[in-house]
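Remarks on the structure that follows.
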Amino acid sequence: MIKVGDKVPSGKLRIMTAQGPKDVSTDEVFKGKKVAFFALPGAFTPTCSAKHLPGYVEQAAAIKGKGVDSIVCMSVNDAFVMDAWGKAQNVGDKVTMVADGNADFTKALGLELDLVANGMGTRSKRFSMLVQDGVVKTLNVEKPGAFEVSDAATMLKQV
C-alpha cells in the first residue's frame, strides 16, 4: 500500500469532457500541483453521496484557500457515472470527478476493496491523501465501513 513519502504511481484515469470521456495521466493530475485527492467505494452510494463528496464541495473554497490547486474525487466507476454523479451533487468546478473504471490506479496504490460479495466487484477503499508534486504528504485510509478520517474537515486541518 502506498504510504506518506511515496511518489504516486503512474497511471491513467478518465474524466468527462464536452467531447466525451478523455484519458488523463496521473502526471497531469499531480505534477507541479498540490492536490487534495479522495476516493470512495462508489458513486451514488449512501455515505459517499450524503457525506463524503458533499463535504468536499462545501469546504472547497477553504481547502483551496490554503494553497491547494485542485480537489479530485475518484471512484471505481466509469466517466459517465462520475460525470452524472457530479452533476447530481452540484459539484461544478469545485471538485474534479475522475473515474478509475477497471481499478488499475486503485490497485497500483494498493487500496483496492473486494466488494464481490455485495455485487459491486473490486472498488476503492475510502481514503484521502494530500499530494504535492506527485508525492504523498498525508494519507488517511478508513477502516471498512467507517467514515472518520478521509472527510473534508480532516483534509482542511492537514493542508
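Checking every residue in the range 50-62 against the condition of being under 13 Å from the mean Cα position of the chain (by Cα), at positive phi and not hydroxyl-bearing (S, T, Y) gives zero matches.
Of the residues making up the range 95-104, none is surrounded by fewer than 17 Cβ atoms within 10 Å (Cβ to Cβ), without any contact (Cβ under 8 Å) to a residue 40 or more places away in the chain and over 20 Å from G11 (Cα atoms).
Taken over the range 6-41, residues that are in a strand (DSSP E or B) and either of a type in the set (S, T, Y) or in contact with a Lys or Arg (Cβ under 9 Å, 6 or more places away or on another chain) (or both) amount to 14. The residue that is nearest to the chain's Cα centre (by Cα), counting only those in the range 66-80 that are in contact (Cβ under 8 Å) with a residue 60 or more places away in the chain and not in a loop (DSSP other than H, G, I, E, B), is M74.
All of S150, S75 fail the test of being farther than 16 Å from G11 by Cβ and of a type in the set (S, T, Y), apart from S150. Out of the residues in the range 1-46 that are surrounded by 13 or more Cβ atoms within 10 Å (Cβ to Cβ), under 13 Å from F127 (Cα atoms) and not small (G, A, S), which is farthest from the chain's Cα centre (by Cα)? My answer is I2.
Note on the range 111-144: among residues that are within 25 Å of K157 (Cβ to Cβ) and out of contact with any strand residue (DSSP E or B) (no Cβ under 7 Å at 6 or more places or on another chain), the one that is surrounded by the most Cβ atoms within 10 Å (Cβ to Cβ) is D133. Is there a residue being within 21 Å of S25 (Cβ to Cβ), in contact with a strand residue (DSSP E or B) (Cβ under 9 Å, 6 or more places away or on another chain), at pLDDT below 95 and surrounded by 14 or more Cβ atoms within 10 Å (Cβ to Cβ) anywhere in the range 62-74? Within the range 62-74, none of the residues are within 21 Å of S25 (Cβ to Cβ), in contact with a strand residue (DSSP E or B) (Cβ under 9 Å, 6 or more places away or on another chain), at pLDDT below 95 and surrounded by 14 or more Cβ atoms within 10 Å (Cβ to Cβ). Give the range 101-128 a look and list any residue that's part of a strand (DSSP E or B) and modelled with pLDDT of 95 or more, or say none. Within the range 101-128, E112, F127, S128 meet the criteria.
Look at the range 129-152: where a residue is part of a loop (DSSP other than H, G, I, E, B) and a partner is acidic (D, E) and surrounded by 17 or more Cβ atoms within 10 Å (Cβ to Cβ), sitting 6+ places away or on another chain with Cβ atoms under 7 Å, you get E148/E142; V149/E142; S150/E142. Annotation note: of F37, F30, the sole residue that is closer than 21 Å to T154 by Cα and either touching a helix residue (DSSP H, G or I) at 6+ places or on another chain (Cβ under 9 Å) or modelled with pLDDT under 95 (or both) is F37.
The values are calculated or read from the model by the stated rules, or taken from the named source; none is laboratory data. Keep in mind that what you see is a predicted model, and the values were worked out from it rather than measured. Counting neighbours? That spans all protein chains shown, and the Cβs are built from the backbone with ideal geometry, glycine included.
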